[in-house]
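To keep things clear, I will list the structure first and then write my remarks on it.
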Amino acid sequence: MLDARRLEILTESAKYDVSCSSSGSKRVNAKGGLGNASVGGICHSFTPDGRCISLLKILMSNDCLYDCEYCPNRRSADVPRASITPDEICELTINFYKRNYIEGLFLSSAVFSSPDRTMEALCETVVKLRKIYNFNGYIHLKGIPYADDALIMRAAKYVDRMSFNIELPSEKSLKLLAPQKTRDSLILPMKKLSAAREYDKQNKIRSGKVIPAGQTTQMIIGASPESDGQILRLTEALYRKMGLKRVYYSSYIPVVESPKLPTVGAGLLREHRLYQADWLIRFYGFDVDELCGEGDNLDADCDPKCAWAMRNMQLFPVEVNTAPLEMLLRVPGIGARGAYRIINARKYTALDFDNLAKMRIIIKRAKHFITCKGKFYGSESRGAIKAALMLDNRAENAEQLSMFSSPDVAVSAITGEI
Amino acid sequence: MIYYVVDGSEDCFYTAVFDAYRQKDAIITSESNLQTELESRIVEVTADAEKAERVRKKLRQLDGGAENDIHLALRSCDPLRENTAFGYIRLIIEKGGPVRKMLAHPVVLEMSDITGKVTGELHKLKGFLRFMENAQGVLYAPFSPDNDITDLIAPHFAERFKNQRFVIHDVRRKIAALYDGEQIILTSVDSAEIYLSEYEKYFEDLWKQYYKSVNIASRPHEKQMKGYMPVRYWKFLPEKQR
């Protein structure tokens with residue numbers, strides 16, 4: 001039986017992986033089975049660091065062959081090692097799921113004995129969980145670089161989501177900090193999975209789809225010198241060319257001492273700004289070129305939408321009663337939910353500022369960029385607007401910081417207001 | 001002012017709507033201890049299936065989704081829920097069709113607020129509900145939601161658990177949803193005595209260990225934790241007990 005100590009080691013080793021989302025899959029339960037997937041995802045608890053627990057996130061083993069500089073489980077680190085058997089994982093998942101502690105399993109592993117052997121063990125676990133334990137809840141499986149394609153594709157048939165972590169935003173940094181991984185060892189399997197999903201889509205395959213909730217990836221921010229502009233260009237390509245569901249950013253925390261690594265963490269603000277820009281790219285119709293030059297970093301003082309609006313004051317103010325949706329989405333302070341509310345409400349009556357306030361649309365920032373029935377209540381000069389927005393931003397900074405690790409429930413995924 | 005006092009059932013509410021519709025200054029409420037003005041009148045409403053059905057039929061003709069909106073609104077803990085739903089029905093009839101997108105209208109906004117709170121809590125508790133297994137293998141989950149959502153939350157778990165029997169018990173309203181592996185029955189339950197399975201403590205302790213280990217202690221953010229997981233729900237979460 002699994003004891004608390006092993007669970008502790010394998011959880012501690014897995015916890016720096018950011019992704020915990022359980023969304024995107026509509027897996028249904030079968031007769032005699034246990035569990036299903038809820039498309040919007042469900043958070044089951046929150047830890048004192050403010051992150052959500054949706055999945056049981058553990059490593060199968062933390063005894064790693066590789067020696068990646070930033071990783072607490074690297075070969076040369078002096079840490080306690082442990083592993084867990086496929087049956088122990090299945091038992092734990094089923095019993096946690098029955099008590100409604102979790103929405104499913106997020107299984108990952110250090111690379112032990114060989115990439116193929118590791119992937120095989122992961123694959124065996126998920127197949128067992130589905131076929132022997134009849135589990136139909138959510139499974140997110142981490143892919144092992146250099147593992148045989150056949151193993152990866154077999155696992156993909158049984159799980160809801162897979163992810164290969166890109167780890168670092170450029171090949172150069174990967175070479176320096178994770179010398180045993182190459183860009184190809186990470187990108188090629190991602191491309192294969194993306195092609196398999198495309199095949200299912202083209203052929204309208206309904207049941208037995210590979211990874212119905214798609215792929216995600218994660219990169220560490222601030223352990224290497226890439227600019228936000230470079231990072232966001234990579235992000236945009238991952239979304240638009242590879243069809244990824246999410247890119248997670250993990251601001252570097254110095255848990256490991258190394259001459260190749262910075263001694264200070266990257267800070268949450270940078271991570272937060274990247275998530276804001278990421279949201280703008282996915283849900284607000286922005287292109288990365290509008291947000292950030294290739295060698296530049298995002299503005300720390302104000303969010304990327306505000307910064308964009310300040311650079312494009314000639315487009316504002318817009319009239320809320322006539323502006324198209326795409327333009328409303330670009331008004332600082334109006335989020336996706338607010339924009340849709342406006343579009344619906346104005347069909348029945350022309351809106352004034354009073355209406356907006358009653359509809360819970362916060363006009364503190366928006367007032368500088370909109371008119372209501374031709375009336376304008378914002379500041380006239382660009383300088384005054386900038387001052388007001390910066391003040392506003394500073395006051396809200398503490399609040400805003402909390403957004404980044406927010407649960408990936410459908411509502412916030414659709415709206416993610418900025 | 002005429003107060004139409006209802007018993008909390010939907011039939012009774014729709015009956016009250018039927019009776020009160022032509023009165024200009026009518027208020028529908030299920031509050032038992034009313035504070036009314038001197039000149040006001042109180043009417044105790046008894047459910048009348050025929051009247052209720054006539055209102056429902058009219059609503060269905062005008063807006064297929066209205067009944068569900070009202071079904072949700074009446075679960076709310078808001079003391080004005082019946083009257084808000086009444087105003088919503090009046091507006092639908094006045095406009096002759098769906099009004100849910102007229103968000104600049106105060107009644108629609110109020111309706112969307114209270115139904116939003118009900119569905120919001122429903123979603124949250126799908127995550128925060130905690131089952132324990134008894135010696136017979138039945139899962140038991142006590143909870144105390146703000147809104148009356150026991151029968152709304154039970155189908156979610158029935159779908160997940162299929163053959164697994166369970167009980168969801170609203171300890172404050174003293175009602176429970178019982179699921180025997182086939183169907184859900186709603187019943188009143190005063191208190192429940194539970195003999196836990198021998199494995200219960202083992203898994204609960206593992207869960208507490210997991211909760212402790214997965215936290216990144218160097219990045220405390222209690223405020224956010226409490227924002228997403230309000231303290232009033234902690235009572236039934238094993239990971240928040242010592």
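The values are calculated or read from the model by the stated rules, or taken from the named source; none is laboratory data. Everything numeric here is computed off the predicted structure, so don't read it as measured data. All Cβ positions, glycine included, derive from the backbone under ideal geometry; neighbour counts span all protein chains shown.
Just a few scattered comments:
- Of the set (1) assigned to a loop (DSSP other than H, G, I, E, B); (2) under 30 Å from residue B:230 (Cβ atoms), all apply to residue A:11 but (1).
- If you go through the range B:227-239 and keep only what is more than 8 Å from every other protein chain (Cβ to nearest Cβ) and either touching a strand residue (DSSP E or B) at 6+ places or on another chain (Cβ under 6 Å) or not aliphatic (A, V, I, L, M) (or both), you end up with B:230, B:232, B:233, B:234, B:235, B:236, B:238.
- Applying the set (1) charged (D, E, K, R); (2) within 13 Å of chain A (Cβ to nearest Cβ); (3) more than 17 Å from residue B:136 (Cα to Cα); (4) outside any loop (DSSP other than H, G, I, E, B) to residue B:219 leaves exactly one unmet item: (4).
- Test result for residue A:105, over 22 Å from the mean Cα position of the chain (by Cα), modelled with pLDDT of 95 or more, crowded, with 23+ Cβ neighbours inside 10 Å and over 17 Å from residue A:209 (Cα atoms): no
- Helices (runs of 4 or more DSSP H) fully within the range A:262-341 that include at least 3 residues being more than 22 Å from residue A:170 (Cβ to Cβ) and within 22 Å of the chain's Cα centre (by Cα): A:268-283.
This table checks each residue for (1) in the same structural domain as residue B:146 (by TED's automatic domain parsing); (2) aliphatic (A, V, I, L, M); (3) in contact with a Leu (Cβ under 9 Å, 6 or more places away or on another chain).
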{"residue": "B:191", "(1), (2), (3)": "yes, no, no"}
{"residue": "B:194", "(1), (2), (3)": "yes, yes, no"}
{"residue": "B:199", "(1), (2), (3)": "yes, no, no"}
{"residue": "B:205", "(1), (2), (3)": "yes, no, no"}
{"residue": "B:216", "(1), (2), (3)": "yes, yes, no"}
{"residue": "B:219", "(1), (2), (3)": "yes, no, yes"}
{"residue": "B:228", "(1), (2), (3)": "yes, no, no"}
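- The lone exception for residue B:151 - which of (1) surrounded by fewer than 20 Cβ atoms within 10 Å (Cβ to Cβ); (2) more than 11 Å from every other protein chain (Cβ to nearest Cβ); (3) touching a residue at least 60 places away in the same chain (Cβ under 8 Å) it fails: (3)
- The range B:185-205, residues that are in contact with a helix residue (DSSP H, G or I) (Cβ under 6 Å, 6 or more places away or on another chain) and aliphatic (A, V, I, L, M): B:186
- Highlighted here would be helices (runs of 4 or more DSSP H) found entirely within the range A:126-235 that include at least 2 residues which are touching a His at 6+ places or on another chain (Cβ under 7 Å) and surrounded by 23 or more Cβ atoms within 10 Å (Cβ to Cβ), but there are none.
- Considering B:93, B:42, the condition of being hydrophobic (A, V, I, L, M, F, W, C), out of contact with any helix residue (DSSP H, G or I) (no Cβ under 6 Å at 6 or more places or on another chain), surrounded by 12 or more Cβ atoms within 10 Å (Cβ to Cβ) and at pLDDT below 95 is satisfied by B:42 alone.
Yes or no, residue by residue, for (1) farther than 30 Å from residue A:36 by Cβ; (2) of a type in the set (D, E, K, R); (3) without any contact (Cβ under 8 Å) to a residue 12 or more places away in the chain:
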residue	(1), (2), (3)
B:77	no, no, no
B:94	yes, yes, yes
B:135	no, no, no
B:161	no, no, no
B:173	no, yes, no
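- Search result, residues across the range B:196-236 that are aliphatic (A, V, I, L, M) and closer than 20 Å to residue A:11 by Cα: B:206, B:214, B:216, B:217, B:225
- Candidate set: the range A:10-63, residues that are of a type in the set (Asp, Glu) and facing chain B (nearest Cβ under 7 Å); chosen: the one surrounded by the fewest Cβ atoms within 10 Å (Cβ to Cβ): A:49
- So residue A:14, is it in the same structural domain as residue A:215 (by TED's automatic domain parsing), in contact (Cβ under 8 Å) with a residue 40 or more places away in the chain, hydrophobic (A, V, I, L, M, F, W, C) and touching a Leu at 6+ places or on another chain (Cβ under 8 Å): yes
- Looking only at the range B:195-215, residues that are surrounded by 15 or more Cβ atoms within 10 Å (Cβ to Cβ), more than 7 Å from every other protein chain (Cβ to nearest Cβ) and not in a helix (DSSP H, G or I) come to 1 in all.
- With respect to the stated conditions, residue B:173 fails to be touching a helix residue (DSSP H, G or I) at 6+ places or on another chain (Cβ under 9 Å), within 12 Å of chain A (Cβ to nearest Cβ) and over 16 Å from residue A:100 (Cα atoms).
- Where residue B:83 falls short, out of the listed (1) in contact with a Ser or Thr (Cβ under 9 Å, 6 or more places away or on another chain); (2) away from every other protein chain (no Cβ under 14 Å); (3) farther than 22 Å from residue A:358 by Cα: (3)
- Any hit, the range A:312-330, residues being modelled with pLDDT of 90 or more, touching a Leu at 6+ places or on another chain (Cβ under 9 Å), surrounded by 19 or more Cβ atoms within 10 Å (Cβ to Cβ) and assigned by TED's automatic domain parsing to the domain that holds residue A:242: no
- Scanning the range A:80-120 for residues that are within 14 Å of chain B (Cβ to nearest Cβ), assigned to a loop (DSSP other than H, G, I, E, B) and without any contact (Cβ under 8 Å) to a residue 24 or more places away in the chain gives a single hit, A:99.
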